[in-house]
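Enquirer: Submitted below is the structure of interest, expressed as structure tokens.
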Protein chains: 2
Amino acid sequence: MTGPGLRERKKRDTRAALARATLDLAAEHGLAEVTVEQIAARAGVSYRTFFNYFSGKEEALLRPDDGDVTFAPRLLAQDPSLPPLEAARRALREQLAVLDEDQAGWRLRLTVIAAAPELLPRLMEIGSAGEREMTEALGEFTGLDPAREPYPALLAAVLGCAVRVTLAHWHAAGAARPLAALFDDAVDTLAAGLPAPAPQIP
Amino acid sequence: MTGPGLRERKKRDTRAALARATLDLAAEHGLAEVTVEQIAARAGVSYRTFFNYFSGKEEALLRPDDGDVTFAPRLLAQDPSLPPLEAARRALREQLAVLDEDQAGWRLRLTVIAAAPELLPRLMEIGSAGEREMTEALGEFTGLDPAREPYPALLAAVLGCAVRVTLAHWHAAGAARPLAALFDDAVDTLAAGLPAPAPQIP
DNA sequence: AGCTTTCGTGCACACCGTGCAATCTTTCAC
DNA sequence: GTGAAAGATTGCACGGTGTGCACGAAAGCT
């Protein structure tokens, strides 16, 4: 049992250092004001090396881990007799639990994203490991061909939205309620056909 | 009644020429392979002038007109007693009708986008003139504060998805059915709580 | 006509992202 | 242990992007 080996460990460390440096610098000055050179300097590697790990600042900020588990196996492990929406809800709840491991980091990350709105659509690709993959998995789960029937794509897109809005609300509300509960509420609203809630009268 | 004036007209012509050149070149070679210099040359202006009209290739491709009508007035013109989903559906149907004016152009545009998937999330900002604006308008329509209640943001995001998926399907299916009909189907599915359709048995 | 405003353009600059080749380090086979 | 293979880091050079600035030309106004 030699473990992951020195090489692997150093690679992971470098990647983590670069991601962390990107996050910290972006939190301080805003992502647009930070250069790759600064990031590399803070992480202790050369400018050129940065691009051995990430294709750009964006990726370094939004995809700090590369080996994140995909959505498809989680979905296909669900009970096939469940309605698709319910099965997907359970799979995504598992996936969101990963964020709980580094709550502080993700909250900071969401702060940076909120200040750089051009990144907002990209959140779609984080919580769900990509909408295309989700579409494929839902097609398999439901037995519908995504190329012919819009249902899998629609469901995947809508769920991606639900994740994104939930994250934004969780962040805006200061994480007052746990992420999983907020996500459940959102899916409940979807399952009910998006009825208008009663206006609050404060 | 002198009309728009020579100056205005030339500006609009230049903008249209740049947008058109971007679209044509991107359709021929793929957006990533096209340089701003080529675009400017084809439109008959200088490299520098391109940036007086667009902030980059992306915008030139996805936002050919700047003065597109916003979503908010369309929504607030709807009957306030309607459910929010239904009111938004009607407002968006009006907005999508604009695309019918240049069907061929938009179908070509969608082809380019399909070949450059990193642009796909940006479609959200076209059909709906921006998700934030939609959220605000829905907050006003429902009497909910978007900062406290997630419902307006969720509805706006989901509708943006519906537009995007509808456009993708319309394009993939070769515009066999009209855009408005496809959009109606999608909203019907949403209103019904995203139930699983029967699997096709071909 | 003259005056003001606005637009087009050239120039310079910092940054981005990539290909290539040289150098150094880990790993593995002998 | 030693040396070769595999792989990571780095410097260098290059084409492309996007912006600030200043100058000239054209359009609109009086």
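The values are calculated or read from the model by the stated rules, or taken from the named source; none is laboratory data. Given the structure is predicted, the values throughout are model-derived calculations rather than measurements. So basically every Cβ, Gly included, is an ideal-geometry build from the backbone, and we count neighbours across all protein chains shown.
Enquirer: Kindly check whether there is at least one residue in the range B:145-155 that is surrounded by 23 or more Cβ atoms within 10 Å (Cβ to Cβ), under 27 Å from A:Leu144 (Cα atoms) and either β-branched (Val, Ile, Thr) or at the interface with chain A (Cβ under 7 Å from one of its Cβ atoms) (or both).
Expert: Taking every residue of the range B:145-155 in turn, at least one turns out to be surrounded by 23 or more Cβ atoms within 10 Å (Cβ to Cβ), under 27 Å from A:Leu144 (Cα atoms) and either β-branched (Val, Ile, Thr) or at the interface with chain A (Cβ under 7 Å from one of its Cβ atoms) (or both).
Enquirer: Additional query: If you go through the range A:67-78 one residue at a time, do you hit one that is closer than 19 Å to A:Trp106 by Cα, aliphatic (A, V, I, L, M) and more than 16 Å from DNA strand D (Cβ to nearest atom)?
Expert: Yes, the range A:67-78 contains a residue that is closer than 19 Å to A:Trp106 by Cα, aliphatic (A, V, I, L, M) and more than 16 Å from DNA strand D (Cβ to nearest atom).
Enquirer: Let me ask something additional. Say whether the condition of being of a type in the set (A, V, I, L, M) and at pLDDT 95 or above is met by at least one residue in the range A:57-64. Give the steps one after another, and end with the answer.
Expert: Looking only at the range A:57-64, we keep the residues that are of a type in the set (A, V, I, L, M), and these are A:60-62.
Checking which are at pLDDT 95 or above leaves us with none.
Scanning the range A:57-64, I find no residue that is of a type in the set (A, V, I, L, M) and at pLDDT 95 or above, so the answer is no.
Enquirer: Let me ask another. Please go through the range A:179-202 and give me each residue that is within 17 Å of A:Arg93 (Cβ to Cβ) and either free of Cβ contacts under 8 Å to residues at least 60 places away in the same chain or within 7 Å of chain B (Cβ to nearest Cβ) (or both), ordered by number.
Expert: Just the residues of the range A:179-202 that are within 17 Å of A:Arg93 (Cβ to Cβ), to begin with: A:179-191.
Result: A:Ala181, A:Leu182, A:Asp185, A:Ala186, A:Asp188, A:Thr189, A:Leu190, A:Ala191.
Enquirer: Please find, among B:Arg15, B:Arg9, B:Arg48, the residue that is away from DNA strand D (no atom under 11 Å from the Cβ) and not β-branched (Val, Ile, Thr). Walk me through it before giving the result.
Expert: Values: B:Arg9 fails: away from DNA strand D (no atom under 11 Å from the Cβ); B:Arg48 fails: away from DNA strand D (no atom under 11 Å from the Cβ).
Result: B:Arg15 is the single residue among B:Arg15, B:Arg9, B:Arg48 that is away from DNA strand D (no atom under 11 Å from the Cβ) and not β-branched (Val, Ile, Thr).
Enquirer: Considering only the range B:36-54, I want to know if a residue exists there that is within 14 Å of another protein chain (Cβ to nearest Cβ), within 22 Å of B:Ile126 (Cβ to Cβ), within 13 Å of DNA strand C (Cβ to nearest atom) and exposed (fewer than 14 other Cβ atoms within 10 Å of the Cβ).
Expert: Narrowing the range B:36-54 to residues within 14 Å of another protein chain (Cβ to nearest Cβ): none.
Within the range B:36-54 (the criterion being within 14 Å of another protein chain (Cβ to nearest Cβ), within 22 Å of B:Ile126 (Cβ to Cβ), within 13 Å of DNA strand C (Cβ to nearest atom) and exposed (fewer than 14 other Cβ atoms within 10 Å of the Cβ)), the answer is no, since none of the residues qualifies.
Enquirer: Counting only residues that are more than 20 Å from A:Cys161 (Cα to Cα) and assigned to a helix (DSSP H, G or I), which one in the range B:163-178 is farthest from the other protein chains (Cβ to nearest Cβ)? Give the derivation first.
Expert: Pass one, the range B:163-178, residues more than 20 Å from A:Cys161 (Cα to Cα): B:170-178.
Next, from what is left, pick out any that are assigned to a helix (DSSP H, G or I): B:170-172.
Working: B:Trp170: 9, B:His171: 12, B:Ala172: 7 Å.
Here the residue is B:His171.
Enquirer: Considering only residues of the range B:70-97 that are more than 16 Å from the chain's Cα centre (by Cα) and crowded, with 20+ Cβ neighbours inside 10 Å, which is farthest from B:Gly193 (Cα to Cα)?
Expert: B:Leu75
Enquirer: Further question on the same structure: So the check is Cβ under 9 Å with 6+ separation or different chains; which pairs have a first residue in the range B:114-143 that's more than 10 Å from every other protein chain (Cβ to nearest Cβ) and over 22 Å from B:Pro84 (Cβ atoms) and a second one that's buried (at least 18 other Cβ atoms within 10 Å of the Cβ) and among the small types (Gly, Ala, Ser)?
Expert: B:Ala114/B:Ala168; B:Ala115/B:Ala26; B:Ala116/B:Ala26
Enquirer: To continue, here is another question. Looking only at residues that are acidic (Asp, Glu) and over 23 Å from A:Lys57 (Cβ atoms) in the range A:88-113, which one is farthest from the other protein chains (Cβ to nearest Cβ)?
Expert: Kept after step one, since they are acidic (Asp, Glu), are these residues of the range A:88-113: A:94, A:100-102.
Next, from what is left, pick out any that are over 23 Å from A:Lys57 (Cβ atoms): A:94, A:100-101.
Values: A:Glu94: 20, A:Asp100: 19, A:Glu101: 24 Å.
Checking each candidate, the answer is A:Glu101.
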